[in-house]
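**Student:** Below is one structure. I have some questions about it.
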Amino acid sequence: MSQENVEIVKASFQAWNAEDMDAVRELYHPDAIARPPEGWPEPGPFVGREAIMSQFEQLRQTFHVDTWEWISDFIDAADRVAVRVIWRGAGSGPDANLEMTDLFVVRKGKIFGLECFWDHAECLETLGLSE
């Protein structure tokens, strides 16, 4: 099942980069929870798909162009998938080039959780792994 979970996470990046927010919405479970990285301007957690999508839409409005790129192999661990990413955004203010590790919880074909870490090692510890 974990390779299927990796494919769901990849699909979320692809939908985001294609600016298909309806497809992104469909990948998240209605009761999903997202936790941004420490120090994020909106501290979260964002509880429920609509709260998550509202946060995502705010990001989209802040930057004219933005992309999520995975920069590592995907780590699949049962119902969790971790991957290092760079989020790049360009808008009316300074450009964003933020590197973090995203940890997704995927169950029954939907994203139930997203937690973002600045520190890759901290994410690995959450998974019970080490670098």
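No lab work stands behind these numbers, since they all come straight from the coordinates. All values derive from a computational prediction rather than experimental measurement. Cβ coordinates were reconstructed from backbone atoms using ideal geometry, including for glycine residues, and neighbour counts include every protein chain displayed.
**Student:** Give the residues of segment 40-54 that are in contact with a strand residue (DSSP E or B) (Cβ under 8 Å, 6 or more places away or on another chain) and either within 20 Å of residue 94 (Cβ to Cβ) or β-branched (Val, Ile, Thr) (or both), sorted by residue number.
**Tutor:** Matches in segment 40-54: 40, 47, 52.
**Student:** Then there's this: Quick one: residue 30 ticks every box in (1) more than 17 Å from residue 108 (Cβ to Cβ); (2) more than 12 Å from the chain's Cα centre (by Cα) bar one, so which box is it?
**Tutor:** Looking at each condition in turn, residue 30 falls short on (1).
**Student:** Condition test on residue 127, is it surrounded by fewer than 19 Cβ atoms within 10 Å (Cβ to Cβ) and either in contact with a strand residue (DSSP E or B) (Cβ under 8 Å, 6 or more places away or on another chain) or of a type outside the set (Lys, Arg) (or both)?
**Tutor:** Considered against the rule, which asks whether it is surrounded by fewer than 19 Cβ atoms within 10 Å (Cβ to Cβ) and either in contact with a strand residue (DSSP E or B) (Cβ under 8 Å, 6 or more places away or on another chain) or of a type outside the set (Lys, Arg) (or both), residue 127 comes out as yes.
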